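Engineer: Handing you a structure now.
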Amino acid sequence: MISNSTRRAPSAPAPCRITVCRGCCCGDPAKIPGVDHGGQIARLRGAVDGAAQVRASECLDVCDQANVMVVQPSAAGRAAGGRPVWLGLVNDDDALADIAAWVRAGGPGLAEPPGVLDLYAFTVSRRVSQGLGGSEA
């Protein structure tokens with residue numbers, strides 16, 4: 001029998017998650033000069049204002065799109081049909097602001113991304129997509 005003292009409080013619904021590639025090419029000032037790679041993740045975390053978890057990853061294997069970010073839907077977004085969105089060439093603060101605004105509005109499955117993000121979105125192979133948690137893009 002489970003007593004009240006061993007029950008866990010219900011956890012909050014899972015928010016969106018943004019994975020920022022920081023592997024061999026993404027985050028490399030020699031490949032993409034003029035970008036504050038070190039500050040990019042901190043600025044993104046501040047801009048999403050708690051609406052998403054932002055984490056760095058090793059190489060996501062799409063180096064031709066550096067800098068790469070993957071916006072994964074929240075639990076509610078996934079339930080509404082949202083799927084991970086891969087964004088490439090995210091090399092300026094305007095793109096970070098657009099990503100953050102979209103995520104604060106709900107992200108994949110819950111809010112339409114700003115139209116400009118269509119310029120950054122790309123499709124990856126199933127093999128690459130499965131390397132990021134088994135979800136198809």
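Each reported figure results from applying straightforward, stated rules to the coordinates on display, with no laboratory input. In this text the structure is predicted, and so the values were computed from the model without any measurement. All Cβ positions, even for glycine, are placed from backbone atoms using ideal geometry, and neighbour counts span all protein chains on display.
Engineer: Long-range amide H contacts for residue 54: which residues qualify at under 5 Å (H placed 1.01 Å from N, peptide plane, sequence gap of 5 or more or a different chain)?
Structural biologist: The answer is 18.
Engineer: Could you tell me the distance between the Cα centroids of the range 10-83 and the range 90-125, to the nearest Å?
Structural biologist: So the separation of the two Cα centres works out to 11 Å.
Engineer: What residues from the range 55-72 fall in the zone where the backbone N is under 17 Å from a label point 7 Å along the Cα-to-C-beta line of residue 116?
Structural biologist: 67, 69
Engineer: Need one number for the range 13-130: average projected area of the convex hull over its C-alpha atoms, nm².
Structural biologist: For the Cα atoms of the range 13-130, the hull's average projected area reads 6.7 nm².
Engineer: With the contact rule set at Cα under 8 Å and sequence spacing of 6 or more, what percent relative contact order holds for the range 13-130?
Structural biologist: Reported relative contact order: 29 percent.
Engineer: To continue, here is another question. Using packing as a proxy for protection, rank 65-72, 113-120 so that the peptide with the highest average count of other Cβ atoms within 10 Å comes first.
Structural biologist: Details: 65-72: 23.9, 113-120: 13.8.
Answer by packing, highest mean first, reads 65-72, 113-120.
Engineer: Stretched out fully, how many nm does the piece from residue 24 to residue 128 gain, at 0.36 nm a residue minus the Cα gap?
Structural biologist: Values: separation 104, 0.36 × 104 = 37.44 nm, distance 1.53 nm.
Between residue 24 and residue 128, full extension yields an extra 35.9 nm.
Engineer: Okay, moving on. Rank the residues 32, 99, 41 as a footprinting-exposure proxy: fewest other Cβ atoms within 10 Å of their Cβ go first. Show your work: numbers first, answer last.
Structural biologist: On the way: 32 15, 99 25, 41 18.
Ascending Cβ contact count within 10 Å gives the list 32, 41, 99.
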